[in-house]
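Structure first, commentary second.
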C-alpha cells in the first residue's frame, strides 16, 4: 500500500499498531480524553496530547504502565483567527506515545523515523523530504546542546543514503544545504511555562526535536507571505515546510542550584494527525485530506463556487469546514452554546461559520446542521462518535443556535450599514442589544478597512457588568434557603443526584446550579434533550439504592489542586479558595464497579453523616431551564 492510499482511519490504526503489535511493542493504548478537562480549572479545553498525561509525566504511576500510545482529540481556541490558511485548525488529533522512565532518545527517534518512512508498517514518506531540528543549548544555564539527538538523526538519514549536514540555524543564511538544524530555546525546548528562564523551582522540562516535511521549493513562489523573499528555513512561514511531529526529551528539573537531571527521564511525543495525512498525500493543504474534503465538496455544491479557483471562497470554506467539525465534537463532549466559557467558544465557532456561509450566499440555517451528518460519517466509531444516536441532537442544537443568530445577523448588519463610523461604544451596543459578538463586528469592519477601539468596548463592557451586579444583588439566593434538617438532607441528596445523572446520562452532565428549600430540591444540569421516563426512573432508583445502602459521608480539608488530583469534581472552581472542603460519599455497595466512592465533590454546605438519614426521594418534574440546560425537581417520599 503506498502512502497516498492511506485513509485517515488506516493511518490512525497503523500508528497504534506500530506501538502495540509491530516495531515498538508493549505500549498500552490509552483512550482519548474529553475535549473538556473534567478536573483542570486552568484551561477550558484539552489543547494537546500531553495535557491529560501531566500527572504521569511529573512522576505519578500510570495504571497501564510505562509505555503508552494514543490519538488524543484536541481543541485550541487561540487558533480560531488563524483558520483559513492551508494548515491551521481548531480541532485536531494528536498522535502520541510516552515513555515514563523507560526508553529514551535513541529508541524514540529511530521508531518515529521508521514509522514515517517505512511503507509496510508506517506512512511511507520519502526520507529526502524530511528535516529535523534539535536544541542549540544554553551554556549560561549549563544546559548543553543536544549533540546526541543530532548524531542519532545523522545515522538515521545515512541509513537511507542521505547526506545529513548539521548546522546552526541562521535567519540571515537560511538552509545552508543543511538537513539537521540547531535552534534556540524558543523553538526546541519544552516545559509547561516555556523557555528555561521562566521555569520555577521543581518544574521539569527538556530539549525537543521537531520533524518537518518539505513540500517543495516551488511553494515559496505561490505563498503571499511576508517571509516569501527572505532566506528559507524549516520554521519559516513561506508554506514550504510543515511540522509533523515533536519529540520531547524530558530531562531536567530546575532546583535552587540550577538545572539538574531528572531521576525519571520521559519521552513525550506529539504528532499532528491531520498534518501527517497531508504529508502522506504530498499536498500541503490539510483541507484536501479525507477529513475535510467531503465537507468542502458539499460547500462547493451549495455555493456553486470553486474551492480551487476562488480565493475568497477557499478561505470561507476552510473556516466553515473547520469550525463545523470542531463544533460537532464540542457538542459530543457536552458543550452547549452560551455566553460563558466553553459555551461561548462554541457559539463563536458556529456564528463565525454562519457569517462565512452568509458571505457566500448560502442558507446557513439549513446547510450547516445538515453538514454535521458528513462530519459524523467521517468519524463514526472513532472517539465516542455514534452517528445514528448523536445526529438528531447535534442537528437540533446547531440549528437552534443558527436560527437565533439569523435574527441577530440581520439586525446587526442593518446597524453596521447605517452607521458611518463604528467605535467601541457602538460595537458594545451591538453586543448588548443584539448579541452580536465583538469578533464578528471586527471581521466585518476589517473587510471595509475599519478598526474598532477595543479599549472603549472593554470600558463599556465593565460598566455593564457593574450595573448587572448591582441589579441582581439580593434578588435570588441560590443553594440552601436555611440549614434545617430537611435542607441538610436535600443538600447531601444533590451529590447523589449529580452522580446518578452522570452515571445514567453520561459524564457530560455538569451541575449548573441548585436551589434548596425545606419542601424540595431544584437542580440544573447540562444535557441537550428531555429525560425519558425510563431515564428518570433509573436515576430515581439509583439514588434510592445508594440511600438504602446507608453509605458513609466523609469530609476532608485539602489543597485545591490536591483535591482535583484525587478525582474530586468542581464545576464552579473559581469560587473556591486555595484550601477546600471535599465531601466523599462511599464506598460502593457490593457488585458496583469503578471507583470505590459514589461521589467526591468540592462543597461548603452542611451534610448528613450517612446516606440512610436522607430517606427515599422521588423526581417530581423535569424540564428545560435554557438552551442545553435541564432542570429537575426532587422531593422526599412522604
Exercise. Taking into account only those residues within the stretch 511-529 that are out of contact with any strand residue (DSSP E or B) (no Cβ under 7 Å at 6 or more places or on another chain) and within 13 Å of residue 622 (Cα to Cα), which is surrounded by the most Cβ atoms within 10 Å (Cβ to Cβ)?
Worked result: 528
Problem set entry | helices (runs of 4 or more DSSP H) lying entirely in the stretch 333-443 (those with 2 or more residues that are modelled with pLDDT under 90 and surrounded by 15 or more Cβ atoms within 10 Å (Cβ to Cβ)) | 341-359, 387-418, 424-434
For this session: Give the residues of the stretch 292-332 that are surrounded by 20 or more Cβ atoms within 10 Å (Cβ to Cβ) and outside any helix (DSSP H, G or I), sorted by residue number.
Result: 292, 307
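Within the stretch 138-158, take every residue that is in a loop (DSSP other than H, G, I, E, B) and in contact (Cβ under 8 Å) with a residue 24 or more places away in the chain and give me the one that is surrounded by the fewest Cβ atoms within 10 Å (Cβ to Cβ).
142
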Exercise. For the stretch 523-541, does any single residue satisfy the condition of being more than 19 Å from residue 611 (Cα to Cα) and modelled with pLDDT under 85?
Worked result: yes
Exercise. Residue check, residue 182 against (1) touching a helix residue (DSSP H, G or I) at 6+ places or on another chain (Cβ under 9 Å); (2) part of a strand (DSSP E or B); (3) under 17 Å from residue 254 (Cα atoms), all met but one. Which one?
Worked result: (3)
Seminar exercise, completed: Residue pairs within 7 Å by beta carbon, gap of at least six or interchain, first lying in the stretch 530-541 and in contact (Cβ under 8 Å) with a residue 60 or more places away in the chain, second crowded, with 17+ Cβ neighbours inside 10 Å and part of a helix (DSSP H, G or I), listed first then second, are 539/500; 539/501; 539/504
Exercise. Restricting the search to the stretch 549-605, which residues are part of a strand (DSSP E or B) and either at pLDDT below 70 or closer than 23 Å to residue 54 by Cα (or both)?
Worked result: 558, 559, 569, 579, 580, 582, 600, 601, 602
Problem set entry | residue 328 being at pLDDT 95 or above and within 21 Å of residue 530 (Cα to Cα) | yes
Exercise. So, in the stretch 68-111, of the ones that are part of a helix (DSSP H, G or I) and under 20 Å from residue 32 (Cβ atoms), which residue ends up modelled with the highest pLDDT?
Worked result: 77
For this session: Considering only residues that are surrounded by 15 or more Cβ atoms within 10 Å (Cβ to Cβ) and over 17 Å from residue 418 (Cα atoms), look in the stretch 444-458 and name the one that is farthest from the chain's Cα centre (by Cα).
Result: 456
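To keep it simple, each residue is scored yes or no on (1) surrounded by fewer than 13 Cβ atoms within 10 Å (Cβ to Cβ); (2) within 30 Å of residue 12 (Cβ to Cβ).
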site: 115; (1), (2): no, yes
site: 119; (1), (2): yes, yes
site: 122; (1), (2): no, yes
site: 126; (1), (2): no, yes
site: 136; (1), (2): no, no
site: 160; (1), (2): no, yes
site: 166; (1), (2): no, no
site: 172; (1), (2): yes, no
site: 199; (1), (2): no, no
For this session: Evaluate the stretch 207-227: report whether one residue or more is outside any helix (DSSP H, G or I), touching a strand residue (DSSP E or B) at 6+ places or on another chain (Cβ under 6 Å), over 26 Å from residue 107 (Cβ atoms) and modelled with pLDDT of 75 or more.
Result: no
Exercise. Quick one: is residue 49 out of contact with any helix residue (DSSP H, G or I) (no Cβ under 8 Å at 6 or more places or on another chain) and either at positive phi or part of a strand (DSSP E or B) (or both)?
Worked result: no
Seminar exercise, completed: Scanning the stretch 150-171 residue by residue, those farther than 18 Å from residue 241 by Cβ and out of contact with any helix residue (DSSP H, G or I) (no Cβ under 6 Å at 6 or more places or on another chain) turn out to be 150, 151, 154, 155, 158, 159, 161, 163
For this session: Report yes if residue 281 is at pLDDT below 95 and outside the structural domain of residue 376 (by TED's automatic domain parsing), otherwise no.
Result: yes
Problem set entry | Subset of the stretch 285-304 [within 22 Å of the chain's Cα centre (by Cα) and closer than 13 Å to residue 357 by Cβ] | 295
For this session: Determine whether residue 451 is at pLDDT 75 or above and touching a helix residue (DSSP H, G or I) at 6+ places or on another chain (Cβ under 8 Å).
Result: yes
Exercise. How many of the residues making up the stretch 518-542 are out of contact with any helix residue (DSSP H, G or I) (no Cβ under 7 Å at 6 or more places or on another chain) and assigned to a strand (DSSP E or B)?
Worked result: 3
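The values are calculated or read from the model by the stated rules, or taken from the named source; none is laboratory data. Nothing here was measured: the structure is a model prediction, and the numbers come from that model. Counting neighbours? That spans all protein chains shown, and the Cβs are built from the backbone with ideal geometry, glycine included.
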